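Quick notes on the structure that follows.
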Amino acid sequence: MTAPVHFGVNLPQISRTWEETKSAALEFERQGYDSLWVNDHLYGVPRAEIPILEAWTVLASVGAVTQKVELGTLVSPPGFRNPAYLAKVVATLAQITNGRIVPGIGAGWFKREFTDFGLPFPDGPERVRAMGEAVRIMKGALAAPDFTFKGKYFQAENLTITPRPEKPVQILMGGGGEQVTMKIAARYADIWNNAAGSQSRLPQKIDVMRRHLDAVGRDPTELRLSQQTMVLITEKAEEVEPMLERAGKLFGGHMGDVRGPLAIAGTPEMVGDAIQRHRDLGVSHFIIEFFGRDTRVPAQLFADTVLPRFRG
């Protein structure tokens with residue numbers, strides 16, 4: 001049976017002021033969304049000169065001004081921060097937010113974010129294996145005192161995180177590498193997120209994930225399936241095609257195929273039908289990037305016209 005649906009929203013973070021980000025966070029919470037997410041980039045990719053607010057600083061600040069929404073990163077590379085240290089950050093945020101923190105972990109991919117900051121940037125397989133060790137350290141350190149781990153990339157000796165979160169921290173893992181990344185997620189993640197760029201391949205990815213879950217002997221209901229997605233929504237049918245045209249030119253496929261079979265785009269009825277197609281595949285968790293300069297506007301339309309269809 002598919003888990004209850006969860007709708008998260010990406011916060012405006014690139015070329016935005018803190019006041020804009022805070023205002024959006026408060027508005028999204030008021031609108032009834034379940035979670036708020038930030039991208040963990042040190043540069044406004046793909047160009048270093050694009051301003052972007054640092055992810056964990058933003059989460060701490062948003063956590064202090066919100067009351068109900070969960071808060072997460074999409075996603076944090078362990079190469080940016082030692083995972084034992086990050087576990088301490090997560091535990092502190094769990095105190096600030098009364099347990100509303102959902103750390104997202106991924107391997108990272110933009111080389112300059114590492115090398116410009118003096119951080120090592122090993123090849124892809126090495127980054128993925130380091131990610132696996134990082135998740136094991138975070139889960140172990142957040143669950144029990146005196147945690148010791150000796151890996152190839154990271155070590156922890158008698159590590160104690162205190163105060164520890166009062167309830168287990170859910171960890172999201174992102175990445176679509178079918179041979180290694182998804183296998184690690186099948187074993188250790190609480191939520192696995194399929195990136196927007198792979199949305200059209202979601203059925204294949206879910207089949208792969210289910211095989212990995214079976215191989216490690218894990219109940220599929222223990223892992224929530226999540227989809228990062230662009231949502232394009234408008235009340236008027238005649239505005240759909242111009243909206244798709246603008247989005248296609250602006251994003252060029254980076255956030256998925258806006259005309260693809262699983263694209264979540266169109267009028268509220270069309271958007272709701274597209275979400276149901278994801279639900280039918282087993283997706284219960286959505287992380288939405290709304291299309292528009294002021295994303296609070298389409299988010300309100302979605303909240304008014306689509307959310308009720310999937311609540312209760």
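Only the coordinates and a few stated rules stand behind these numbers; no lab work does. None of these values were measured; they are calculated from a predicted model. Cβ: placed from backbone, ideal geometry, glycine included. Neighbour counts: every protein chain shown.
Within the same chain, aspartates and glutamates fewer than 8 places from Lys236 are excluded, and of the rest, those with a Cα less than 12 Å from its Cα are Glu269. Per the Debye formula on identical point scatterers at the alpha carbon atoms of the chain, with no solvent, log10 I(q)/I(0) at q = 0.09, 0.15 Å⁻¹ is -0.44, -1.30. The residues neighbouring Ala156, those whose beta-carbon lies less than 14 Å from its own, together hold a net charge of +3 under the Lys/Arg +1, Asp/Glu -1 convention. The mean sequence distance of close C-alpha pairs (under 8 Å, at least 6 residues apart), as a share of the length of the range 6-310, puts its relative contact order at 16 percent.
Counting other Cβ atoms within 10 Å as a rough exposure proxy, the listed residues Asp304, Asp190 run Asp304, Asp190 from fewest neighbours to most.
A simple charge model with +1 on the Cβ of Lys and Arg, -1 on the Cβ of Asp and Glu and nothing else charged puts the dipole of the range 6-310 at about 780 debye relative to its Cα centre.
Of all lysines in the structure, the ones whose alpha carbon falls short of 26 Å from that of Lys22, not counting any fewer than 8 places away in one chain, are Lys68, Lys88. Based on the Stokes-Einstein relation at 10 °C and a viscosity of 1.306 mPa s, and on the Kirkwood radius from alpha carbon pairs, the range 200-246 is assigned a translational diffusion coefficient of 116 µm²/s. In the range 6-310, the DSSP beta bridges split such that about 10 percent are antiparallel, to the nearest 5. Please label the shape of the range 229-288 as rounded, prolate or oblate, based on the square roots a ≥ b ≥ c of the eigenvalues of the alpha-carbon gyration tensor (a/c under 1.5 means rounded; beyond that, a/b larger than b/c means prolate, else oblate). In terms of gyration-tensor shape, oblate. Of the residues Gly174, Gly44, Gly118, the one that moves most in a GNM of the chain with alpha-carbon contacts below 10 Å is Gly118.
Quick check on the range 21-90: take the gyration tensor over C-alpha atoms, sort the square-rooted eigenvalues as a ≥ b ≥ c, and tell me if it's rounded (a/c under 1.5), prolate or oblate. Judged from the Cα gyration tensor, the range 21-90 comes out oblate (a/c at least 1.5, b/c at or above a/b). The smallest convex shape that holds all Cα atoms of the range 56-99, its convex hull, gives 63 Å³ per residue.
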